[in-house]
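Notes to accompany the following structure.
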Amino acid sequence: VFQAKQRASVKWLLSKAYNNRVPEKLREPYYRDHEEQEHLKPQIVHALSNAELYCLALANIYSDPNYHNQNHYGILQALARKGVYVTEQNNTQLTETILIQNSPLKMSAHMAVIEGLMVLYAKEVVTGDRVVSAIRRFDPQAEVDVPSDHEKGLLLWINHASHALIAKIQSEDGAGDKTRLPELPAAKDFQSLCDGVGLAAVVAFYCPGELNWMEIRVSKRPSVADALHNLSLVHAFCVKCLPYSIFHMQPEDVTYMRGSMKQNLVVFLADMYNVLEIHPAKCVRYPGEERAMQYLDGT
């Protein structure tokens, strides 16, 4: 699990540091030695130990070049000013001395910093007001309270998008066959998203041309195969339809998600929210838009 988390976290950091244009030679952050052991590429080790990747990521998240040329202490201070406090798992205080080590790199310390950046990014992208206005746009009748944090905001968004998908299917089918309607489970917490149903439903709602809701496998007791199928649909959508990579995990990482990978899922959802809501990818079709497009095309 730690290896999967580490890989996904480093890939996410690289995507933010390079503004979604990761150099070819760093897209796979690891290399294998002659004993088939995986190691982080030296260039990445160097860029973590001198804080370069953190500076680049913060500068891109905030579009602010003042974050360049900070040391680790400066990065930790910047996070703290934004309300994100980074400590290692055993509550050890992180210091410059620990973070600049590079032979070997103290990976657990760097994972804590990357996780801090993930929290910060998700907080900045998924604000309560944004979530509420998004939901009101596709569900004007919804009574929505402003969520208290970005995690609750993401779950609220997924739930409302799932409801809106059902409503959309009903309106398209008229009063037709109610038995065909999927029963989409509520997203109560992030663990409940591991069957892939909620994630696939969000994609089917925003991008019906790319993911047909009928492809989603919904069952009362989803099997691992069902979950992998749904998550593979989402993964394929991300690879094929989005302008850059946001699915830094593997579908099976989500299916078997342990608590330690929760932050990777949260940040994936924040990225998803960004490409579907804030800076919509070309494939996004807001409700009602399809018909408008048809009239424009004269079809």
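The values are calculated or read from the model by the stated rules, or taken from the named source; none is laboratory data. Nothing here was measured: the structure is a model prediction, and the numbers come from that model. Here the Cβ positions follow ideal geometry from the backbone for every residue, glycine too, while neighbour counts run over all protein chains shown.
Given the criteria at pLDDT 95 or above and closer than 22 Å to Asn19 by Cβ, does Val267 qualify? The answer is yes for Val267. Taken over segment 245-255, the criterion of being of a type outside the set (D, E, K, R) and either without any contact (Cβ under 8 Å) to a residue 60 or more places away in the chain or assigned to a helix (DSSP H, G or I) (or both) is satisfied by Phe247, Pro251, Val254, Thr255. Here Leu156 meets the list (1) outside the structural domain of His46 (by TED's automatic domain parsing); (2) among the aliphatic types (A, V, I, L, M); (3) buried (at least 19 other Cβ atoms within 10 Å of the Cβ); (4) in a loop (DSSP other than H, G, I, E, B) almost entirely, failing just condition (4). Going by the structure shown, is Lys282 more than 17 Å from Trp12 (Cβ to Cβ) and at pLDDT below 95? In short, yes.
Residue pairs whose Cβ atoms lie under 9 Å apart, separated by 6 or more positions or on different chains, with the first residue in segment 37-55 and closer than 12 Å to Leu26 by Cα and the second of a type in the set (S, T, N, Q) and in a loop (DSSP other than H, G, I, E, B), are Val45/Ser103. Which one is nearest to the chain's Cα centre (by Cα) among residues in segment 13-49 that are in a loop (DSSP other than H, G, I, E, B) and not charged (D, E, K, R)? Among them, the one singled out is Asn20. Just checking, how many residues over segment 215-242 are over 17 Å from Glu277 (Cβ atoms), touching a residue at least 12 places away in the same chain (Cβ under 8 Å) and in a helix (DSSP H, G or I)? Count: 12.
Summed over segment 72-96, the residues that are assigned to a helix (DSSP H, G or I) and touching a residue at least 24 places away in the same chain (Cβ under 8 Å) give a count of 5.
Is it true that Leu99 is hydrophobic (A, V, I, L, M, F, W, C), in a helix (DSSP H, G or I) and farther than 25 Å from Lys41 by Cα? Before the answer, list the steps.
Numbers: hydrophobic (A, V, I, L, M, F, W, C): yes; in a helix (DSSP H, G or I): yes; farther than 25 Å from Lys41 by Cα: no.
Taking the combined requirement at face value, the residue does not satisfy it.
One residue alone among Ala164, Ala134 is surrounded by 12 or more Cβ atoms within 10 Å (Cβ to Cβ), over 19 Å from the mean Cα position of the chain (by Cα) and more than 30 Å from Val45 (Cβ to Cβ), and that residue is Ala164. Within this structure, Leu56 passes the test of being at negative phi and not in a loop (DSSP other than H, G, I, E, B).
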